[in-house]
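Notes to accompany the following structure.
The values are calculated or read from the model by the stated rules, or taken from the named source; none is laboratory data. Note that this is a predicted model, so its numbers are computed, not measured. As a convention, Cβ positions derive from the backbone with ideal geometry for all residues, glycine included, and neighbour counts pool all protein chains shown.
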Amino acid sequence: MNRSLRNVLLLMTGVALFSSCYPDQPDNIDEYDIVYTNYSPTYDFKAFNTFAVPDSVVIITGDLAEGEQPAKVSPEFGDQIVGRIRQNMDRLGWTEVAPTENPDVLVLPSAVKTLNVDAYYYGGGYWGWYYPYYGYGWYYPGYYPTYTSYTTGSLILTMIAPDDLSPTENQPVLWVGVLNGLLEGSDASIITRMTTNIDQAFKQSEYLQQ
Amino acid sequence: MLRYVLPFSLLLGAPFVSKAQQNIYMLEYSMGFPVGDLNDYINEPSFRGFNFGYRYMLDENRAIGLDMGWQTFYELKDLATYTEGTSSITGIQYRYTNAFTASVQIDQVFSEGKDLRPFIGIGAGTSYMRRTLDMGLYRLERDPWQFMLQPEAGVSLYMRNGNAVILSANYYLGFKTKELEAQSFLGIGIAYAFSD
C-alpha cells in the first residue's frame, strides 16, 4: 500500500471515528425543560368562573400512613409557585375565592423530586461519549465508567372541580400542567425557570380563558 | 497556481488498464440530502457520511459488488409548542436519524479506455434507520430495518497510478414499514478507489 493511499485511509477512518451518532446535545440546564398540558374536552371552562389554590405545594413521596401529613415544598419556592398560579388565573379572567367559599375549581400544585445516577464511558476523545442505555455495554480498554448524579423534578398543576369530589371514585381532572426538568443550579435560577414554565403552561392553555 | 495544477494534470492521461475480474475497493465521504418523510423530520443536509464499496469487474464494462454506508442527519428545533388533540408540549427538540445502509450493486461503466468513465448502477439491500427524538430528559426512538433500492450514477477519474477518484450520486430509496414511513435520501459523495 503506497503512502498516499495510506494517508487517505487514515483520514477517512479518522472522519468515521470522530463522527458521532449524536452530534449535538443540550449545553444549558434550561434546554432540558419541557412543559406538558392536557385537558378534558367534556368540560366547558367558560361555565366556571371562580377558583381557589392552596397556600403551599405538596411533595409527592408515596403512600401516606393514616393521619400522616404530606411534606411541603419550602416557602421560598412554594410561595413563588402559588403566586404565579394566581397571576396566570387572574390574567385569564378567573376570580379567586377562599377554599371555603365553594370555588368552581381548585388548582392543586404538587411536586416530585428524583435523584438519578448514571454511568457513562469516556474514551479520551477517541470513541466519543456513549451512554449505557444506547446499548453499548463495552468500553475501550483502559477507560473505565464514570458515575454522575443529577436531580430531576416535576411540578404538577392539577385542576379539579370540588363538586365532582367522591370518596370512592377517581377524581376527574379538568386540566393538568406538568413542568419537568433538572433541579440543578442556584435557587434563583430554579425559581426563574419555574415561573417561566408556569407561565408557559397557561400560555399554551388559552382555552382556560374566561 | 500553475505549479499546483501541473502535477495534478500529470496524474491524468494514463488510462487505467483494468484487468478482467479485478477487485476494486472504494472509500467515500458523502453528504446526504433528506427527502420525503425524512425531510419532514429533519430539514437539514448532512455532512457526516462515510461509505465503503467493493466491486468485482465482470468484464471491462460491468461490475457487481457491495456498498455499505453510514449517514448521520441532525437538526436542532428551537423552543416550540407541539399540539396533538387536547395535549400540548413545549420544549427544545434534538432530532437525529442515523442511516446505516447495505446493498448489492450492479454497475454499467461507459467510455472504455478513457480517463473519465461515467457509470450508472442499481442496487437492492436494506437500511437500518435509527430515528431519535430528544426532548427534555426524554428520548423517543424508532429503528426499523427497511427494504431499500439504491440507483446510482457517477463518473470515475482514473489516475496514472491506476487508482481513481469517483464522484457519484446515490438515491437511497427506503420502503415503508409498520414502524416508520419510507426513509429516503440523496447522497452525493467523493470516493477514492483502488484495486488489489
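Conditions (1) away from every other protein chain (no Cβ under 14 Å); (2) in a helix (DSSP H, G or I), marked per residue:
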{"position": "A:Tyr36", "(1), (2)": "no, no"}
{"position": "A:Phe51", "(1), (2)": "yes, no"}
{"position": "A:Gln69", "(1), (2)": "yes, no"}
{"position": "A:Phe77", "(1), (2)": "yes, yes"}
{"position": "A:Gly83", "(1), (2)": "yes, yes"}
{"position": "A:Gly93", "(1), (2)": "yes, no"}
{"position": "A:Lys113", "(1), (2)": "no, no"}
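Could you grab me the full set of residues in region B:73-100 that are within 7 Å of another protein chain (Cβ to nearest Cβ) and touching a helix residue (DSSP H, G or I) at 6+ places or on another chain (Cβ under 7 Å)?
Residues satisfying the conditions are B:Thr90, B:Ile92.
Which condition number in (1) within 14 Å of another protein chain (Cβ to nearest Cβ); (2) modelled with pLDDT under 80; (3) in contact with a Pro (Cβ under 9 Å, 6 or more places away or on another chain) is the one that A:Ser20 fails?
(3)
What pairs come out if I take residues in region A:30-49 that are hydroxyl-bearing (Ser, Thr, Tyr) and pair them with residues that are part of a helix (DSSP H, G or I) and crowded, with 18+ Cβ neighbours inside 10 Å whose C-beta lies under 7 Å away, six or more apart or interchain?
A:Thr37/A:Ala201
Quick one: in region A:182-195, which of the residues that are in a helix (DSSP H, G or I) and touching a residue at least 40 places away in the same chain (Cβ under 8 Å) is farthest from the other protein chains (Cβ to nearest Cβ)?
Residue satisfying both the conditions and the ranking: A:Asp187.
Residues in region B:116-138: is at least one more than 14 Å from every other protein chain (Cβ to nearest Cβ), buried (at least 21 other Cβ atoms within 10 Å of the Cβ) and within 16 Å of B:Ala193 (Cα to Cα)?
Yes.
Please enumerate the residues belonging to region B:104-115 that are surrounded by 15 or more Cβ atoms within 10 Å (Cβ to Cβ) and more than 20 Å from the chain's Cα centre (by Cα).
B:Asp115
Among the residues of region B:139-182, which ones are in a strand (DSSP E or B) and either touching a His at 6+ places or on another chain (Cβ under 9 Å) or within 14 Å of chain A (Cβ to nearest Cβ) (or both)?
Initially, region B:139-182 is screened for residues in a strand (DSSP E or B), giving B:139-142, B:145-149, B:152-158, B:164-174.
Within region B:139-182, B:Arg139, B:Leu140, B:Glu141, B:Ala164, B:Val165, B:Ile166 meet the criteria.
Could you tell me whether region B:74-97 includes any residue that is assigned to a strand (DSSP E or B), over 30 Å from A:Val178 (Cα atoms), in contact with a strand residue (DSSP E or B) (Cβ under 6 Å, 6 or more places away or on another chain) and touching a residue at least 40 places away in the same chain (Cβ under 8 Å)?
No, the conditions are met nowhere in region B:74-97.
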